[in-house]
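Values quoted throughout were computed directly from the atomic coordinates according to the rules given, and no laboratory measurement underlies them. Note that the structure is a prediction, hence the values are computed from the model and not measured. As a convention, Cβ positions derive from the backbone with ideal geometry for all residues, glycine included, and neighbour counts pool all protein chains shown.
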Amino acid sequence: MTPTRILQIGYGAFGATHLDAWARLLPAEAIMVADPRPDARTAAAARRPGIVAVADWRDGLASAEAVDILTPTDTHHAIAAEAIDRGRHVFLEKPMTADAAEARDLQARAGRAGVVVQGGLYFRFHPKARALRDIVRAGGIGRLRFLQGRFAGFKRARGDSGALLNDAVHFVDLFGWITGERAETVHAVTRDHFGRGSEDLALVTLTYPSGVVAHVETGYVQPGRWPDTVVPGAVTSKEIKVSGSEGAVEIDFAAETMVRHRVRHEFSGGLWRPVFGAGGPMAVPGADPVAVVEAELAHFLDCIRTGREPDAGLAECGVGLALVLDAARRSAADATVTKVGP
């Protein structure tokens, strides 16, 4: 059964986007927003008249069938655990938990409670990323060789986590989703230039069982290219390149461009030379942040209704993703290539 009331917990930087997405899916009277800050509650109520705004999320939990958690990462586990134990379905923004141990605990609780728990992995629901995955799975760029992502730019550093959990998480997850594999080893280099106890620069190289290599660059100290659509005042780049034996695809999520290269290397005259085919820009629909989040939340509601496992469920996007990020932190601390735990 589709929930008759949703409780959105938190109305921070991404809160307005989630509220707008919920408003496309449910009537205002079916939406509650919980935030301890009076100005946040006032802003939410003004943005979507007719919703209910409360200070304490526990006050709203009694009358909600599902929750959408947008609070700082270090609060995710406690809030989600209580919601799950009380039989509520949970949408949990990335990163779902601070580490794999917390993710395993939520997985066990969700299994006992029989509820749906979905992670907020935004790019899995972006139409260009979905089109790219279809191309890769159909062999459209041949055998995968290298994936490269840049999620970086001048923006504020969040107080609850660093560049790994806040930004690198997006493309680490996306690359595992595209390849269909969990990374086997991680080599990470991080820096805390601001001296705040969390990294503001993270470079992550991943290897996969098939031999594919990926690299993710993220941070707040290098130039970006475009005004950020979510973080006011930020200038960022969000782009990926996926290369195979028969070509490559580039996506700039901020500029909403997608380009396909049809090229392979052939041995000729004693050298490996590129041989080019017809490529160029691809006409794949764009999507603003509200539309992408709407797709995520619609999937969440459908999983609740049908009982099927979410595309971004706890096994893959909770435990699996946390294991890779845990290994990245160990790698950065020890300055070694680190195996991802089982």
**Report entry** Positive dipole terminus of the chain, leading residue within L25, G280, G219 (C-beta point charges)
**Finding:** G280
Query raised in the report: Under unit Cβ charges (Lys, Arg +1; Asp, Glu -1), what dipole magnitude, rounded to 20 debye, does segment 106-178 have relative to its Cα centre?
Result: 120 debye
Query raised in the report: When only C-alpha pairs under 8 Å and at least 6 residues apart count, what is the relative contact order of segment 178-304, in percent?
Result: 12 percent
Requested in this report: May I ask for the equivalent-ellipsoid semi-axes of segment 116-270, computed as the square root of five times each C-alpha gyration tensor eigenvalue and listed largest first in whole Å?
Outcome: 28, 17, 16
Query raised in the report: What whole number of Å gives the distance from the Cα centroid of segment 116-141 to the Cα centroid of segment 48-96?
Result: 26 Å
Requested in this report: Provide the net charge surrounding A23, with neighbours chosen by a C-beta distance below 13 Å and charges set as Lys +1, Arg +1, Asp -1, Glu -1.
Outcome: -1
Query raised in the report: Per the Kirkwood formula on distinct C-alpha pairs, the Rh of segment 43-150 is how many angstrom?
Result: 16.4 Å
**Report entry** Descending semi-axes in Å of segment 189-342, equivalent ellipsoid built from Cα gyration tensor
**Finding:** 29, 25, 21
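Can you check what the net charge comes to around R191, using other residues whose Cβ is under 13 Å from the Cβ of R191 (Lys, Arg +1; Asp, Glu -1)?
That works out to -3.
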Report summary line: Only helices counted: for the chain, with every DSSP H run of 4 or more residues adding -39500 (n - 2.57) and the sum spread over all residues, [θ] at 222 nm is -9500 deg cm²/dmol
Report summary line: For D99, the net charge from surrounding residues (Cβ-Cβ under 13 Å; K, R +1; D, E -1) works out to -1
Query - Helix 321-334 axis, angle to the chain major axis (alpha carbon atoms, nearest 10°) - result: 70 degrees
Report task. Could you give the size of the charge dipole of segment 136-200 about its Cα centre, using +1 on the Cβ of each K and R and -1 on the Cβ of each D and E, expressed in debye and rounded to the nearest 20? Result -> 260 debye
Report summary line: So V275 and T42, fully extended at 0.36 nm per residue minus their Cα-Cα distance, gain in nm 77.9 nm
Requested in this report: Would you mind estimating how fast segment 247-311 diffuses translationally, via Stokes-Einstein at 20 °C and 1.002 mPa s with the Kirkwood radius over Cα pairs, in µm²/s?
Outcome: 140 µm²/s
Query raised in the report: Given labels modelled 7 Å from the Cα in the Cβ direction, how far is it in nm from R137 to V189?
Result: 3.6 nm
**Report entry** Cα-based Kirkwood hydrodynamic radius, the chain, one decimal, Å
**Finding:** 20.9 Å
Query raised in the report: Between segment 224-256 and segment 1-45, what is the C-alpha centre distance in whole Å?
Result: 28 Å
Query raised in the report: Where the only charges are on Cβ atoms (+1 Lys, Arg; -1 Asp, Glu), what is the dipole of the chain about its Cα centre, to the nearest 20 debye?
Result: 680 debye
Query raised in the report: Who wins for biggest fluctuation among M282, M96, M32 in a Gaussian network model of the chain, springs between alpha carbons below 10 Å?
Result: M282
**Report entry** Separation in nanometres of the label points that stand 7 Å from Cα toward Cβ, at R262 and A28
**Finding:** 5.2 nm
Query raised in the report: In nm, to one decimal, how far is the R5 label point from the R225 one, both placed 7 Å along Cα→Cβ?
Result: 4.7 nm
**Report entry** Debye log10 I(q)/I(0) at q = 0.12, 0.21, 0.27, 0.28 Å⁻¹ for segment 271-342, Cα point scatterers
**Finding:** -0.71, -0.89, -1.17, -1.22
Query raised in the report: If the cut-off is 15 Å between C-alpha atoms, which aspartates and glutamates fall inside it for K238, apart from same-chain ones fewer than 8 positions away?
Result: D167, D173, E217, D228, E250, D252, E256, D288
Report summary line: Quick calc, R196 & A13: beta-carbon distance into FRET formula, R0 22 Å, rounding 0.05, result 0.80
**Report entry** Angle between the chain longest axis and helix 38-47 axis [Cα atoms, degrees, rounded to 10]
**Finding:** 80 degrees
Requested in this report: Report the full-extension gain for the segment R130 to V235: residue separation times 0.36 nm, less the Cα-Cα distance, to one decimal in nm.
Outcome: 35.3 nm
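Which whole-number percentage describes the relative contact order of the chain, with Cα contacts under 8 Å and a sequence gap of 6 or more? If you can, show how the numbers build up before the last one.
Values: 746 pairs, mean separation 67.3, N = 342.
Value for the chain: 20 percent.
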Query raised in the report: So what's the Cα pair-distance distribution over segment 95-191, bin width 10 Å, in %?
Result: 12, 38, 34, 16, 1
